[in-house]
Amino acid sequence: MSRILVVEDDANLRLALQDNLEDEGHDVEAVGTVEAARAAWAGGGFDLVVLDLMLPDGDGYSLCRARREAGDATLVLMLTARTLEDDLVRGFESGADDYLAKPYRLRELLARVDALLRRAGARRAPAGLRLGGVAIDREARTVHDAAGAEVGLTRTEFDLLVFFVEQAGVALSRDTILDAVWGEDVVVDPRTVDNFVSNLKKKLGWGPDAGWALHAVRGVGYRLELD
């Protein structure tokens, strides 16, 4: 059983989400404000947060960003009536793992929830993966730079990094990356991969002497090369 926090200010939608997720076998807590969500989320123990962006006392972007800055890696599925590309990018930059526009179809939402939770509990690999001077521990889900400092990655960023390392030297299409990291049942704009690759480079401090490089492969996607 997975624990899910639903943050939705519309009482009817909140109750419907809670009922349907509980029917799927999940343990659900539902709240309607940023203040209530912050208190519940900070308490920990959730596998996923379904987060509406427009709330009466704040917005989901800021709440998600604050939790990420606090080191919280709980999966986040953002719900919003905003569908512009800038809004989608802002959602991912604030730490979202997936993004669903309103009005959404219930079956699609449940499929995205299942895909996110499957990914979170999916592949297990030995600790000790290396990316140049970067150390990746699959069991602890931690990443440390060459100086030993921990690098804060979201769950999706971590899964994407591990996938690249496991497939080093292989030219990977964006569709292949999306299926492996986001899940085959999840519909995500292929350009999302580009945003996540850019974020990984920044967070890992990529440079000419890093010992690795993520190259864009024209007409295909990306290839990780290790020196």
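Just so you know, all these numbers are worked out from the coordinates, no wet-lab data involved. Note that the coordinates shown come from a computational prediction; the quantities given were computed from them, not determined experimentally. For neighbour counting, all protein chains shown are included, and Cβ atoms are generated from backbone atoms with ideal geometry for every residue, glycine included.
Just a few scattered comments:
- Potential lengthening between GLU150 and ASP175 on full extension [0.36 nm per residue; Cα-Cα distance subtracted]: 6.0 nm
- As computed over the range 129-226, the Cα convex hull volume per residue (Å³): 92 Å³
- Among MET54, MET78, the ranking by other beta carbons within 10 Å of each residue's beta carbon, starting with the fewest, stands as MET54, MET78.
- ALA81-LYS202 FRET efficiency (beta carbon distance; Förster radius 35 Å; 0.05 resolution): 0.75
- The shape of the range 3-120 comes out rounded: with a ≥ b ≥ c from the C-alpha gyration tensor, a/c is under 1.5.
- Integer Hz, Karplus 6.51/-1.76/1.60 couplings in order for the range 135-145, x for Gly and Pro: 9, 10, 10, 5, 5, 7, 6, 10, 9, 10, 7
- Stokes-Einstein D in µm²/s, Kirkwood radius over Cα pairs - the range 22-88 at 37 °C with 0.692 mPa s viscosity: 258 µm²/s
- Space enclosed by the convex hull of the alpha-carbon atoms of the chain, per residue, Å³: 122 Å³
- Sorted ascending by nearby beta carbons within 10 Å, beginning with the fewest, HIS144, HIS26 become HIS144, HIS26.
- With a Förster radius of 25 Å applied to the C-beta separation of VAL89 and ALA213, the computed FRET efficiency comes to 0.60.
- Modelled label reach - ASP10, point 7 Å along Cα→Cβ, the range 39-73 residues with backbone N closer than 18 Å: 50-61
- Part-to-part distance (alpha-carbon centres) for the range 133-204 and the range 60-101, which is given in Å: 17 Å
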